[in-house]
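Read-outs throughout are calculated quantities, based only on the coordinates presented, and are distinct from any laboratory measurement. Remember, it's a predicted structure, so these values are computed and weren't measured experimentally. Heads up, the Cβs are rebuilt from the backbone with ideal geometry, glycines too, and the neighbour counts pull from every protein chain shown.
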Amino acid sequence: MIRRFSKYYKPHLKLFSLDFGCALIMSVLDLIFPALVAIVIDKAIPQRDLSLLYTIAIVIMGLYIIRTILNYIVTYWGHVLGVRIESDMRSDLFNHIQKLSFNYFDNTKTGHIMSRLVNDLFDIAEFAHHGPEDIFITSITLVGTFIIMLTINWQLALIIFLLVPVMLVFTIFKNKKMRKVFREMRIKLADINAQIEDSISGIRVVKSFGNEWYEEEKFDLGNNSHRVTKEESYKVMGEFYSGIGFFSNLLHLIVVFFGGLFVINNQISIGVLVQFLLYISIFLEPIKRIANFIETYQKAGAGFNRFIETLDVNPDIIDRHDARSVGKLSGDIEFKNVNFNYSDNETVLENINLKIDAGETIAFVGPSGAGKTTICSLIPRFYEVTGGSILLDNEDIRDITMRSLRDNIGIVQQDVFLFSGTISENIKYGKTIATQEEIINAAKLANAHEFIIKLPNGYDTHTGERGVKLSGGQKQRISIARIFLKNPPILILDEATSALDNENEKIIQKSFERLSKSRTSLIIAHRLATIQNADRIVVLTDEGIKEQGTHIELMELGGMYKSLYDAQKLT
Ligand code: ADP
Ligand code: MG
């Protein structure tokens, strides 16, 4: 893990050395200051030596100036280092997640991915910057003060350092407790957030059931539990800070008492006593730092583990090393003994054999859950067949690069996803280098132009959160325009009109007819009336392909299709 972590320092080695070096010098400078004060008290003052006082004042001033510059460098460039490492890691993670297969997204919550990209990486960056600094500077300050104090007066140094182990144990112990409470608090806060999100996105359901009181009660429960944990955390924090305060006072008392005793017995000078007092303040700092360090270390460690975990998820479906990039296919599709299941203990598709000719329009009908969507997701390799093969233009899709395979396929689904951006940008998603003219042309073919020009900013109207709300039918037409722009030889329409009302369905049906002309089209339809003109209709059930033929043939057959059709006609 340390190796994989240090890999991220490599490109920033110069910055790291700069930050680290400056921090090191800073901690050494801090050790010099008390010694200079001692000289003032023991030499300059008793001897009334003004020039010595001036010299020391100038030296201290010089040190302060240097320290200020170093401090600026450490604060600014040190954080820059952290931010750069954070951004490198974030882009590694994002690029990796983009490559992962559908399977991963089926099984991972968006919220978890988000918290990895945002929170975890922030914690890691904090550590990346402060971690190494903290370890070394803390050690230098602790060891440095110890050695200096020992050489000045070992008796007093030993008395002071007897307290150190006690303080460390107290600090670490209290910190452990604090971390535990903080972790609990974070979990409870995440719960509350999830609940808020849930009841806001589901507010229509909440209100339609008149269940506001129920939501309130649920929320109060979570909210109270969070409050209690938070109160607990402040209790532990109180114990910690008052404890540390007590120890610090105790140290000062020890120095004043024993130091005073030693001064009275002429064992040490007043300057040394003051020097000790100053060193104590310096060395309390690293002890607090150690506590802090343990916390950032643990948080970053946990975050980095999750980061690595995600980076180590391999995409299930990747290009073969010798995969070929193909140009525009003509659109023959063949399923050969295809088996498929999403997980080991079920079979979704078994021994599917189906040949679809280029340019043919084929419709899939059948009960929900029969595997219609699944069959269609296998063609662009969203999922990999578990047995058999799928051929496009007589070539196994596994021999083709995924990029060029997917360039040949256009998919329209029931739920249309519009990215935040303008209408133009959204249509352009079908061909990122399209000209405005091509975009408008595609919109016209999709019957979208009319409504788009009536929007407040036409093609430049923003969609989504910051912009206009579009109806389901309008969104669908934008998604169709995308496909016109992409112009693939193979088209998949998966219940694309199922959520629309009759009027919208009719308009969109027209664009579909235009779209499927001269393309191989696979249409999954809920309303059978919409697919009567298909070249072939395939009835899919849990047992596989049950019937196939034209509408007239299947009606004459008088099987499952006919009964489905008759049932729909009645409604
Ligand atoms: P249809 O489109 O015919 O309604 P699907 O192809 O969506 O059917 O689903 C076929 C079967 O596969 C169903 O039993 C469904 O529960 C299951 N299934 C669909 N998608 C997934 C998935 N992403 N992970 C696991 N099982 C799935
Ligand atoms: Mg489906």
Crossing angle, helix 50-99 versus the chain [Cα axis fit, 0-90 degrees, rounded to tens]: 20 degrees
Estimated Rh, the chain: Kirkwood, alpha-carbon pairs, angstrom: 30.4 Å
Counting all C-alpha pairs of the stretch 1-153, share separated by more than 24 Å (%): 54 percent
Crossing angle, helix 212-264 versus the chain [Cα axis fit, 0-90 degrees, rounded to tens]: 20 degrees
Simple Cβ-charge dipole of the chain, Lys/Arg +1 and Asp/Glu -1, about Cα centre, in debye nearest 20: 1500 debye
Pairwise label distance in nanometres, ALA57 with LEU168, each label 7 Å out on the Cα-Cβ vector: 4.1 nm
Contact order normalised by residue count of the chain, Cα under 8 Å, 6+ apart, percent: 14 percent
Rough spin-label spacing in nm, given labels placed 7 Å along Cα→Cβ, for ASP501 and PHE417: 2.8 nm
Set of lysines with alpha-carbon distance to LYS299 below 20 Å, sequence-local pairs under 8 removed: LYS7, LYS174, LYS176, LYS177, LYS180, LYS188, LYS230, LYS288
Value in Å of the Kirkwood radius, where the stretch 434-514 supplies the Cα pairs that are averaged: 13.1 Å
Positive-end residue of ILE409, GLY558, LEU15, charge dipole of the chain with Cβ unit charges: LEU15
Simple label model, 7 Å out from Cα along Cβ direction - SER281 to LYS336, nm: 8.3 nm
Over 25 Å between alpha carbons, listed pairs LYS218/LYS469; LYS486/LYS506; LYS475/LYS546; LYS444/LYS469; LYS372/LYS562; LYS109/LYS328: LYS218/LYS469; LYS475/LYS546; LYS109/LYS328
Fraction of beta bridges assigned by DSSP in the chain that are antiparallel (%, nearest 5): 50 percent
Candidate aspartates and glutamates for bridging to LYS235, where Cα separation is under 19 Å - those fewer than 8 sequence places away on the same chain excluded: GLU184, GLU295
Between helix 13-39 and the chain: long-axis angle, C-alpha atoms, 0 to 90°, nearest 10: 20 degrees
Square roots of 5 times each gyration tensor eigenvalue, C-alpha, the stretch 488-548, largest first, Å: 20, 16, 10
Under 15 Å from the Cα of LYS431 - aspartates and glutamates, other chains or at least 8 residues apart: ASP407
Residues LEU158 and LYS14, FRET efficiency given R0 of 41 Å [Cβ-Cβ distance, rounded to 0.05]: 0.45
Euclidean distance of C-alpha centroids, the stretch 530-571 and the stretch 154-168, integer Å: 89 Å
Under the Debye formula (equal points on every Cα, no solvent term), log10 I(q)/I(0) of the stretch 263-391 at q = 0.18, 0.20 Å⁻¹: -1.09, -1.21
Residue (of GLY464, LEU493, THR541) at the positive-pole extreme of the stretch 444-571, dipole from beta-carbon charges: GLY464
Residue among PHE182, ASN265, PHE247 farthest towards the positive dipole end of the stretch 154-267, charges placed on Cβ: ASN265
